[in-house]
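Shown next, in structure tokens, is the structure this report addresses.
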């Protein structure tokens with residue numbers, strides 16, 4: 001890590017998953033922000049300036065797809081990873097606006113790798 | 001033997017000259033048949049003077065062929081006929097004028113002792129009745145012919161057969177007996193009167209052959225009219241070739257064919273001059289090879305159909321006004337039949353189109369039902385699988401975290417590994433179920449892009465009509481099929497074309513063109529709309545970029561994603577104020 005730590009915003013309505021991801025990404029050296037609703041995620045993008053967002057899609061109230069649109073409207077260059085139990089949103093053209101689409105799995109390595117890949121591409125991490 | 005005591009006319013000489021003036025009366029002696037007396041009407045009928053006839057014997061008179069115009073009377077009635085009271089009708093030629101028909105009746109008159117005293121011969125001019133009779137016979141014949149003709153026309157809706165029946169009816173020996181007939185039909189596409197088919201011999205030799213053959217077959221008109229053979233079209237004949245290629249533009253004043261059609265009147269042309277005094281154009285005379293013919297218009301109340309041209313090229317029979325009238329009746333029947341068959345053809349086309357779209361509809365319905373059934377099962381399985389996936393992530397995820405904290409030698413580590421591997425097993429089951437339930441959703445099938453384009457244009461028909469947008473297509477007929485999901489490509493063209501329509505706003509042109517370029521296909525969608533400003537041009541494919549007051553700015557993102565998912569690419573050229581053109585390249589195999 002160089003300079004100030006990278007902030008990742010994780011939005012998921014499942015408490016256990018938030019806890020798991022928080023542990024996982026902290027361990028990997030990131031600063032972690034959490035949101036349990038889509039609207040909360042949009043607020044935190046506006047106020048807390050995260051470097052990357054991991055969005056669950058199925059959330060009560062504002063879902064991840066809608067949150068994605070709002071987030072990009074606020075900050076259209078922020079990388080967003082959709083992380084969901086559902087493969088079906090891959091065919092939803094709305095989700096094509098996200099930088100990546102990762103299916104939820106107990107093995108968090110693919111998600112961690114995707115986060116890293118995007119951050120390197122954005123120049124926030126050394127290659 | 002018929003005997004009469006008295007003949008009132010003879011008994012009273014005065015009325016003989018007055019009220020029975022139409023009957024000629026002659027009294028003969030029964031032995032030598034010498035003319036004893038005759039009235040002036042008889043002299044008139046015989047076209048002779050009293051001096052030439054009175055006192056002469058029957059035999060003598062019969063031999064005076066040269067001096068008497070009517071010597072036939074004396075040759076037709078023999079002595080036996082006269083004595084037996086015979087009734088006979090004879091015709092007397094009258095040079096240029098129509099023949100005179102005479103009804104001759106002889107009345108032998110017996111004396112008191114039973115012996116024949118004299119023979120009275122009465123001649124009545126029945127020309128008028130005869131003419132009525134033959135006129136009636138002609139009309140009945142014509143009516144029969146017209147009946148046969150209209151029956152034959154009603155039997156079919158095949159345009160070629162209708163034309164065949166028309167031409168055969170006009171030229172048949174049992175029909176109107178013209179030597180040749182030519183049909184010219186009006187084509188609304190070219191706005192011209194065009195030579196179509198003809199019937200008749202192409203020279204004298206052929207005339208002899210055809211008529212010789214027909215006379216041996218003793219065909220009735222009805223046989224002839226039913227002899228249509230679709231495998232031997234009239235249009236293949238030599239004489240049809242003679243008029244094929246003849247095209248007369250509407251409004252050509254020099255053309256008697258065009259005049260007949262537009263003025264809806266017949267022309268009788270004799271020696272290059274029509275009955276209204278106009279001279280026929282040389283080109284037509286050359287085509288027909290004959291300067292004497294009739295032109296009859298074919299039309300219904302609503303529309304002009306064409307013209308019929310007939311002539312007697314071989315036997316040079318003049319064409320009478322009666323024949324033209326009859327031709328006009330024929331033409332009326334033929335015109336309705338031609339119009340009917342044209343309407344029928346139109347209708348056939350529409351019915352076929354309907355059947356095709358109905359079949360497509362049924363197929364779609366079928367597919368929807370199948371998809372619905374699959375998706376109900378699929379949705380339930382997917383729902384359960386998704387519900388399992390979230391807790392599974394927590395179980396497996398935390399187990400992995402735990403494992404990292406347990407030293408390698410600790411037997412608990414093995415227990416945690418069991419949790420991890422069992423969570424992985426469950427995850428695989430979930431992935432399999434989900435894969436199965438979504439497998440059918442994205443298609444990759446051989447797809448005809450032209451079909452996709454026309455389907456999309458159909459979907460947008462209302463918008464296109466409303467904005468008065470003109471859509472041109474330039475489709476490569478040899479375009480290969482591509483492997484694609486047709487529904488996704490409908491989305492591609494829908495987005496591109498709706499953008500084009502909105503860019504045009506009102507009254508412009510959208511051109512969709514396809515062509516094969518090596519191993520790929522190139523599709524171009526071009527509009528004459530407002531164009532895209534240069535500074536926006538490189539941003540139009542990025543998500544949420546839009547210039548429209550309403551719109552998500554995802555249309556072109558979707559287009560790009562679909563095209564790239566199919567291994568293709570998209571690019572754009574645009575000039576502000578002039579229009580935009582999109583280029584799509586897709587691999588063809």
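The values are calculated or read from the model by the stated rules, or taken from the named source; none is laboratory data. These numbers come from a predicted model, not from an experiment. Glycine also receives a Cβ, built like all others from the backbone with ideal geometry; neighbour counts cover every protein chain displayed.
Take the conditions surrounded by fewer than 18 Cβ atoms within 10 Å (Cβ to Cβ) and more than 13 Å from the chain's Cα centre (by Cα) and apply them to residue A:78. Does it pass?
no
Report, by residue number, each residue of the stretch B:470-491 that is closer than 26 Å to residue B:505 by Cα and touching a strand residue (DSSP E or B) at 6+ places or on another chain (Cβ under 6 Å).
Hits for the stretch B:470-491 are B:470, B:471, B:472, B:473, B:474, B:475.
So if I check each of B:301, B:265, which one is free of Cβ contacts under 8 Å to residues at least 60 places away in the same chain, touching a strand residue (DSSP E or B) at 6+ places or on another chain (Cβ under 8 Å) and within 17 Å of residue B:185 (Cα to Cα)?
Of B:301, B:265, the one residue that is free of Cβ contacts under 8 Å to residues at least 60 places away in the same chain, touching a strand residue (DSSP E or B) at 6+ places or on another chain (Cβ under 8 Å) and within 17 Å of residue B:185 (Cα to Cα) is B:265.
Quick test of your reading of the structure: residue A:119 fulfils all but one of (1) in contact with a strand residue (DSSP E or B) (Cβ under 7 Å, 6 or more places away or on another chain); (2) within 14 Å of chain B (Cβ to nearest Cβ); (3) modelled with pLDDT of 85 or more. Name the failing condition by number.
So the condition that residue A:119 fails would be (2).
Can you tell which of B:364, B:390 is more than 14 Å from every other protein chain (Cβ to nearest Cβ), on the phi < 0 side of the Ramachandran plot and at pLDDT 70 or above?
Of B:364, B:390, the one residue that is more than 14 Å from every other protein chain (Cβ to nearest Cβ), on the phi < 0 side of the Ramachandran plot and at pLDDT 70 or above is B:364.
Filter the helices (runs of 4 or more DSSP H) completely within the stretch B:207-283 down to those with at least 2 residues that are at pLDDT 90 or above.
Correct list: B:256-263.
Restricting attention to the stretch A:73-87, report how many residues are in contact with a strand residue (DSSP E or B) (Cβ under 9 Å, 6 or more places away or on another chain) and either more than 14 Å from every other protein chain (Cβ to nearest Cβ) or not in a loop (DSSP other than H, G, I, E, B) (or both).
So the answer is 5.
Which of (1) under 15 Å from the mean Cα position of the chain (by Cα); (2) in a helix (DSSP H, G or I) is the odd one out, the single condition residue B:322 does not satisfy?
Failed condition: (1).
Read through the list (1) buried (at least 16 other Cβ atoms within 10 Å of the Cβ); (2) over 23 Å from residue B:383 (Cα atoms); (3) more than 14 Å from chain B (Cβ to nearest Cβ), then give the number of the only condition that residue A:47 fails.
Looking at each condition in turn, residue A:47 falls short on (1).
Yes/no matrix, rows are residues, columns are (1) surrounded by 16 or more Cβ atoms within 10 Å (Cβ to Cβ); (2) assigned to a helix (DSSP H, G or I); (3) within 14 Å of chain B (Cβ to nearest Cβ):
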position: A:18; (1), (2), (3): yes, yes, yes
position: A:21; (1), (2), (3): yes, yes, yes
position: A:26; (1), (2), (3): no, yes, yes
position: A:29; (1), (2), (3): no, no, no
position: A:42; (1), (2), (3): yes, yes, no
position: A:58; (1), (2), (3): yes, no, yes
position: A:61; (1), (2), (3): no, no, no
position: A:71; (1), (2), (3): yes, yes, yes
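Kindly provide the set of residues from the stretch B:396-413 that are part of a helix (DSSP H, G or I) and surrounded by fewer than 19 Cβ atoms within 10 Å (Cβ to Cβ), ordered by number.
Result: B:401, B:402, B:403, B:404, B:405, B:412, B:413.
What do you reckon, is residue B:151 closer than 30 Å to residue B:80 by Cβ and assigned to a helix (DSSP H, G or I)?
no
In a helix (DSSP H, G or I) and at pLDDT 85 or above - does that describe any residue in the stretch B:21-28?
Within the stretch B:21-28, not a single residue is in a helix (DSSP H, G or I) and at pLDDT 85 or above.
Any idea which of A:5, A:106 is within 12 Å of chain B (Cβ to nearest Cβ), more than 30 Å from residue B:555 (Cα to Cα) and more than 11 Å from the chain's Cα centre (by Cα)?
A:106
Scan the strands (runs of 3 or more DSSP E) fully inside the stretch B:428-491 and keep the ones with 1 or more residues being at pLDDT below 90 and either more than 14 Å from every other protein chain (Cβ to nearest Cβ) or exposed (fewer than 12 other Cβ atoms within 10 Å of the Cβ) (or both).
Answer list for the stretch B:428-491: B:445-447, B:482-484.
Considering each residue of the stretch A:1-16, count those that are crowded, with 16+ Cβ neighbours inside 10 Å and in a loop (DSSP other than H, G, I, E, B), and give that number.
Count: 4.
Of the residues that sit in the stretch B:157-209 and are without any contact (Cβ under 8 Å) to a residue 24 or more places away in the chain and under 21 Å from the mean Cα position of the chain (by Cα), which one is surrounded by the most Cβ atoms within 10 Å (Cβ to Cβ)?
B:187
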